[in-house]
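Note sheet for the following structure.
The values are calculated or read from the model by the stated rules, or taken from the named source; none is laboratory data. Worth saying up front: this structure is predicted, and the values here are computed from it rather than measured. Note: ideal-geometry Cβ built from the backbone for every residue, glycine included; neighbour counts use all protein chains shown.
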Amino acid sequence: MIRSLPRSRAYDRAFVVFILLYFIFLFAPLLVTCVLAFNNSDFPSLPWRGFTLDWFFSAGPKRVGIFEDADNLRAIWVSFKTALWVSASCVVVGVCAAFLFEQENFKGKNFLYFLMLAPLVIPGVILGISILLGATTAGIYFEDHWNLDVELFRPSFWLVVVGQFSFITTFVTLVVSAKLRKFDHSLEEAALNLGATRFQVIWHITLRYLRSSIIGSGAVAFLMSFENFNTTLFLVGSQPTLPINLYLQVRDGSTPVINAISLLLIVGTSILALTNLYIDRKEGLK
């Protein structure tokens, strides 16, 4: 759309209607989900039966709220641990990879860059199956030749961490690399000329400049890991993450406690997004 061209009143109205319909389509399901978390009904659906907090605090026996539901609380904790390990690992490796790909004299950079992007274009289901088959094959080999039972090579918490790490790291690398391309390297040269060591330059100048992108990509990596389903489904062991646990509940029939969990996730995600936005704006004002 060229802003300098004249626009009719009908066009402006149609544009406003389109925007309204788009956001209604986007947020109406979320709003309904949040409202149903307080519905005094045994089913996670309309019609409205009255207001209740049972799906948050009830201890049973007929209704069990999320804060009294041991299985869902355990799944939330597993997802939190997984996301924490994945995001921390992705940030460390992603930042190092970004520095590596910004080296001008680095041979084979284009080929490795292509390999790094591959997990983003491979469907999550295929990626999960491939990692599972590869880990199972390696586990059988270790057991047959050295009689070793390696937990990493069978569906488990750590295999989920490795599986999610394999593609989320790419996202962190791309975000940090985009920020690093805008960096004025003359600042590093000036610091080196003034007697700073290479480590001091990276710590006090380069990483300080990249701080907003590192925090932002780390937050998104945390959320991507927490809500991941496709890849995790094939790698999870006896400790299901929250998305897997919710899938099993919905498949077998559940209560509005799912709506309560969804509400808590929406609130938590919104707080994390607003915090990240605040940090970005604060960094931009410096």
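Worth a mention:
- Considering only residues in region 89-137 that are of a type in the set (D, E, K, R) and either modelled with pLDDT of 85 or more or over 19 Å from Val172 (Cβ atoms) (or both), the one that is surrounded by the most Cβ atoms within 10 Å (Cβ to Cβ) turns out to be Lys107.
This table checks each residue for (1) free of Cβ contacts under 8 Å to residues at least 12 places away in the same chain; (2) of a type in the set (A, V, I, L, M, F, W, C); (3) on the phi > 0 side of the Ramachandran plot; (4) in a helix (DSSP H, G or I).
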{"residue": "Pro61", "(1), (2), (3), (4)": "yes, no, no, no"}
{"residue": "Asn72", "(1), (2), (3), (4)": "no, no, no, yes"}
{"residue": "Leu148", "(1), (2), (3), (4)": "yes, yes, no, no"}
{"residue": "Leu152", "(1), (2), (3), (4)": "no, yes, no, yes"}
{"residue": "Val162", "(1), (2), (3), (4)": "no, yes, no, yes"}
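- The condition of being part of a helix (DSSP H, G or I), closer than 30 Å to Phe111 by Cα and either out of contact with any Asp or Glu (no Cβ under 7 Å at 6 or more places or on another chain) or of a type outside the set (Lys, Arg) (or both) holds for only one of Val32, Val16, Val91, that being Val91.
- Failed criterion for Ser254 (all others in (1) exposed (fewer than 12 other Cβ atoms within 10 Å of the Cβ); (2) over 18 Å from the mean Cα position of the chain (by Cα); (3) of a type outside the set (A, V, I, L, M) hold): (1)
- Within the span defined as region 220-227, every residue fails to be under 14 Å from Val161 (Cα atoms), among the β-branched types (Val, Ile, Thr) and touching a Phe, Trp or Tyr at 6+ places or on another chain (Cβ under 8 Å).
- Residue check for Trp55: free of Cβ contacts under 8 Å to residues at least 60 places away in the same chain, hydrophobic (A, V, I, L, M, F, W, C) and closer than 20 Å to Leu242 by Cα: no
- Condition met for Ile168 (more than 19 Å from the chain's Cα centre (by Cα), closer than 30 Å to Phe226 by Cα, modelled with pLDDT of 90 or more and surrounded by 13 or more Cβ atoms within 10 Å (Cβ to Cβ)): no
- The residues in region 75-110 that are of a type outside the set (A, V, I, L, M, F, W, C) and touching a residue at least 12 places away in the same chain (Cβ under 8 Å) can be counted, and the count is 7.
- Taken together, the residues in region 237-251 that are among the aliphatic types (A, V, I, L, M) and under 16 Å from the mean Cα position of the chain (by Cα) amount to 2.
- Residue in region 186-201 that is closer than 25 Å to Ser213 by Cα and not in a helix (DSSP H, G or I) present: yes
- Of all residues making up region 226-265, the number that are assigned to a helix (DSSP H, G or I), of a type outside the set (Val, Ile, Thr) and over 26 Å from Lys282 (Cα atoms): 20
- Residues that are small (Gly, Ala, Ser) and part of a helix (DSSP H, G or I) within region 107-133 comprise Ala118, Gly124, Gly128, Ser130, listed in sequence order.
- Note on region 53-70: residues that are acidic (Asp, Glu) and touching a Pro at 6+ places or on another chain (Cβ under 9 Å) amount to 1.
- Here the condition is being farther than 15 Å from Leu264 by Cβ and surrounded by 11 or more Cβ atoms within 10 Å (Cβ to Cβ); of Trp48, Trp55, it holds for Trp48 alone.
- Note on region 171-199: among residues that are at pLDDT below 90 and polar (S, T, N, Q), the one that is surrounded by the most Cβ atoms within 10 Å (Cβ to Cβ) is Thr197.
- Any chance Thr33 is crowded, with 17+ Cβ neighbours inside 10 Å and either more than 20 Å from Val250 (Cβ to Cβ) or more than 31 Å from the chain's Cα centre (by Cα) (or both): no
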